[in-house]
Every structure is written in C-alpha cells, then in structure tokens.
Amino acid sequence: MAHIFRKIRKFIEAYPQYRSIMTFYLKLRKIIRDGEKLQATRKELSELVFHRRLKVLEQRLDELLKWKNPNDTLKAVIKKVHRQKEHILIFIKHDDAPHHNNYGEYIIKKGVVKRKMSGGSMSAEGVKAYACIQSIAMTCQLRGISFHRFLKASLVCYIRTGKPMLLAEFECSLQNQKIAA
C-alpha cells in the first residue's frame, strides 16, 4: 500500500486540478483505516460479525474501483489499485499484520541486491528459487530459529517422505523437544 499511496500522492502533486484523485485517495485511505480498526477489534467480535464487516469493506473497495467517468490520470490510479485488489485487505485476516509489507520488502531487497552484486542467477527460475530460500532464511531469523537446522530437518523429511518439512512443523518439533527435555 505504501507504493500505491506514494504514487497517488505524486499524481495529486502533478495534477492538483484533478480533485477526483484526492477524493479517491481519501476514500481508499479510509477503507484501509477501517480495516485496521476491524483487525484490532476482531477478538471482540463473533466470526459471523467479523466476516460480515470484512465483506462490507470488500464491497466498499469494489465500489471505489467502479469510479464513474474518471479522467485519464485517475484511470491510471484505479488500474494500479485494481491490480493489487486481492491483496489490499488481506492483512485484516491476520492478527498484528500491518496493512503494508514495507518491512518484508526491505528484508527481501537486501537479498536481491546481494544476488545482483555477486552475479548470481539471472534466470527467472534461479531468481525465484533464490527469493524463496531468502524468504525462508529471513523468516527463520525473525522467529529465532536456526536456518541451517531447519534446512537439514526439511531435507531429511523430504528424503523420507518426498515432501519438505514446513516451518510450522519444525517449530512444533522444537517445542516437543523442549517439552521432552
């Protein structure tokens, strides 16, 4: 969302005569803020009420993207937001998840810069594999788990079962080891 909001603000600065862009921006920001409020009160609500309110927010976003007679600049803004539509409100479903992924992007960006500087894989497959490994390594670091121990356990699991071990399974096995000790 930070990228989208930044782009919208640039459009507002470049085209101050188009008040519709500012109106769109304010309405989108209100939807996000209402989503943050819903996320914060989720534990106080029944699942039914939570899902109804989430549905209302999704409908508000859908209606916002059906803006009547937008000028060309606003059309470009709406197109950018529409491309991210499926991801915009996903944070509401997860406790303590921010509405943006700035921190996640920052962490991944360090790995991308490292890969480029080292002349690492430039193929689409290689880039995807590197990003996946980098993401797992960073998740392990954030959770205080040894990446090497997880990787070893996952590979052993793969050899035995044909499926790699999930990080959640590894965390569960660590907890079981602590309980047994």
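Quick look at the values:
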| read-out | value |
| --- | --- |
| Filtered residue count, the stretch 139-181, keeping only those that are at pLDDT below 90 and over 29 Å from the mean Cα position of the chain (by Cα) | 6 |
| Count of the stretch 1-13 residues which are loosely packed, with under 14 Cβ neighbours inside 10 Å and either closer than 17 Å to residue 83 by Cβ or without any contact (Cβ under 8 Å) to a residue 12 or more places away in the chain (or both) | 5 |
| Matching entry among 43, 37, 85, 80 (being in contact (Cβ under 8 Å) with a residue 60 or more places away in the chain and within 27 Å of residue 95 (Cα to Cα)) | 80 |
| Any pair with Cβ under 6 angstrom, 6 or more apart, that starts in the stretch 149-175 at a residue that is without any contact (Cβ under 8 Å) to a residue 40 or more places away in the chain and ends at one that is of a type in the set (A, V, I, L, M, F, W, C) and in a loop (DSSP other than H, G, I, E, B) | 153/165; 154/165; 157/165 |
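The values are calculated or read from the model by the stated rules, or taken from the named source; none is laboratory data. Only a predicted model underlies this, so the values are computations on that prediction, with no experimental measurement involved. Positions of Cβ are backbone-derived with ideal geometry, glycine not excepted, and every protein chain shown enters the neighbour counts.
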